[in-house]
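Notes follow the structure.
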Amino acid sequence: MSRADIGLIGLAVMGENLALNMAGKGFTVAVYNRTTDKIDRLLQGRGQGLPLVGAYSLEELAASLKKPRKVMLMVKAGQPVDNILQQLIEVLEPGDIVIDGGNSYYRDTVRRVELARSHGLRFVGAGVSGGEEGALNGPSIMPGGSDEAWPEIAPIFQSIAAHVGGEPCCQWIGPDGAGHFVKTVHNGIEYADMQLIGEAYFLMKNVLGLTNQEMKSVFEEWNAGELESYLIEITGEILGKIDEDTGEPLLELIKDAAGQKGTGKWTSQEALDLGVPAPTVVEAVMARIVSGAEEQRKIAQELFQTTMTVKDVDREEFIAAIRSALFASKICAYAQGFDIMRQASIEYGWNLKLGDLAMIWRDGCIIRAQFLHHIKEAYDNNPGLVNLLFAPYFKEAVERGEKQWRTVVSTAVELGLPLPAFSSALAYFDSLRTGQLWTNLVQAQRDYFGAHTYQRIDRPGAFHTEWQSPGEQAKSVPVEW
Ligand code: 6PG
């Protein structure tokens, strides 16, 4: 029998679906799973008739592959990846390629690329987005790592990826951890996008008292315009589901505490490390954390029973305002995500092509959306674009919705309804466009208690003041840096 084109380790849903996708495209896939009955179930079940080969040990897997061997890991991020990589180092040969398709932390990928290199192996950290369905029918794939591995794996990955206008949603992202980094930021944006949609639902429910069926129709309508995206589409579907047992809208029976696996947090940490403003992404992570603070929420609900008086709002006007606020906030969230990638690219020397990333996300992934082609367009027109908000399409869109955005946020504030992402996006926008912020005072305070020095607007250099010296007159003394 001829050897397999690629090996796949880890037959949980994502791994199994990716194997089926590859096999469906005509690649012979050798599959391995630690619990081997999963292999048999796949071969005798969904994989019947497809070019799939079972391997019952890593030695057998290695022996079944064409050289240079390509082995894709679809296992839990973290220690399991290190464990399998160690075992693979024993059975693979120089030149072979290991691809990690999980949501790994990009700094782990940087380390693994080095480790693999020291054993003559090539390592690729590939972000794979699109959930179970994407894995089966065409995900968005973000591979990065050992550059020399790309020509070897490109035919398989570009063939199984989603396609837009004939172009695969899979391109080489860059060296070392670049692929997993970009996937992480994709997820950070995903967190913000989901949070914003959540807030839109929350407003329609609590300010307007819409039923779930009514909200379903609103989301369907929104999905036909500039907000068109996978997340808006599935939100409409979710709103339409009725619980079989109780006859109630299923959504209203789900506990309001959201979990997370780490990618949103890593995006936020990276923004903090790089010094990139990304408040909406951070708020989206925090909003999940607050939602899970059950005990405190319970006490606060009893302690602070604010009576909310529902303002007299015109239903149709307010729905339109929420739509505008959602779009403007979404633009800010994407602007923050792209800014993180822009600055990481400079810091780590990755040379990320920001417009191409938008195209890779155009289909297959969770944040797939019609408006991503405007991001591509923005970077095509200006490859040095500093912030997406400054591109004509986005500038115009935000300005168009600005008044309604403010109405939505202020209405919620008056009613005591939390809108962390909508309001943080608005604060981000306002902070960027405000001429004089409050940070002159913060600098003065820092200099007062810690002699941290400050800069003046009328002279170059650093200055310090003895703030506690008596009298009103203060000396601003130049300081050598
Ligand atoms: C995707 C998703 C996927 C997964 C995340 C969700 O792009 O296909 O982002 O990677 O759903 O792990 O992360 P949380 O569990 O942290 O929400």
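The values are calculated or read from the model by the stated rules, or taken from the named source; none is laboratory data. Computed from a predicted model, the values in this text were never measured in an experiment. In this analysis, Cβ positions are derived from the backbone assuming ideal geometry, glycine residues included, and neighbour counts consider all displayed protein chains. Heads up: the accessible areas ignore ligands, DNA and RNA and are worked out on the full protein's heavy atoms, side chains in. Shrake-Rupley method; radii C 1.70, N 1.55, O 1.52, S 1.80 Å.
Dipole magnitude for segment 184-433: about 600 debye, using +1 per Lys or Arg Cβ and -1 per Asp or Glu Cβ, origin at the Cα centre.
Using DSSP to define loop residues, name the GluC sites (Glu not before Pro) in segment 199-306 whose beta-carbon has at most 13 other beta-carbon atoms within 10 Å. Present the calculation step by step, with values, prior to reporting the outcome.
Working: sites: 199, 214, 220, 221, 226, 228, 233, 237, 244, 252, 270, 283, 294, 295, 302; in loops: 226, 228, 244.
The qualifying sites are 244.
Think of each Lys and Arg Cβ as +1 and each Asp and Glu Cβ as -1; about the Cα centre, that makes the dipole of the chain roughly 860 debye.
For segment 213-261, with equal point scatterers placed on the C-alpha atoms only and solvent neglected, what are the log10 I(q)/I(0) values from the Debye formula at q = 0.16, 0.21, 0.22 1/Å, to two decimals? With one equal scatterer per Cα and no solvent, log10 I(q)/I(0) is -0.53, -0.78, -0.82. Solvent-accessible surface of segment 264-402, averaged per residue with a 1.4 angstrom probe and all protein chains in place: 48 square angstrom. Listed values for segment 276-289 are Karplus-derived 3J(HN,Hα) couplings in whole Hz (6.51 cos²θ - 1.76 cosθ + 1.60, θ = phi - 60°), namely 9, x, 9, x, 6, 5, 4, 4, 5, 5, 4, 4, 5, 5, and x replaces Gly and Pro. In the chain, the longest principal axis of the Cα atoms and the axis of helix 263-274 are about 60 degrees apart. Using a ≥ b ≥ c from the Cα gyration tensor of the chain (square roots of the eigenvalues), is it rounded, prolate or oblate, where a/c under 1.5 gives rounded and otherwise the larger of a/b and b/c decides, a/b for prolate? Taking the square roots of the gyration eigenvalues as a ≥ b ≥ c, the chain is oblate.
Across segment 47-54, computed HN-Hα scalar couplings (Karplus, 6.51 cos²θ - 1.76 cosθ + 1.60, θ = phi - 60°) run x, 4, x, 9, x, 10, 10, x Hz from first to last residue, x flagging Gly and Pro.
Which loop-located trypsin sites (Lys or Arg not before Pro) does segment 416-481 contain, where loop means any DSSP state but H, G, I, E or B and the Cβ has at most 14 other Cβ atoms within 10 Å?
Details: sites: 433, 446, 456, 475; in loops: 456, 475.
Here the trypsin sites (Lys or Arg not before Pro) that fit, given the DSSP loop and packing criteria, are 456, 475.
In loop segments of segment 289-365 as defined by DSSP, the chymotrypsin sites (Phe, Trp or Tyr not before Pro) with at most 14 further C-beta atoms inside 10 Å of their C-beta are 304. Probing with 1.4 Å while keeping every protein chain in the model, the per residue accessible area of segment 439-479 equals 80 Å².
Helix-only mean residue ellipticity at 222 nm, the chain, DSSP H runs n ≥ 4 weighted -39,500 (n - 2.57), per residue, nearest 500. What is it?
Calculated at 222 nm, the ellipticity per residue is -17000 deg cm²/dmol.
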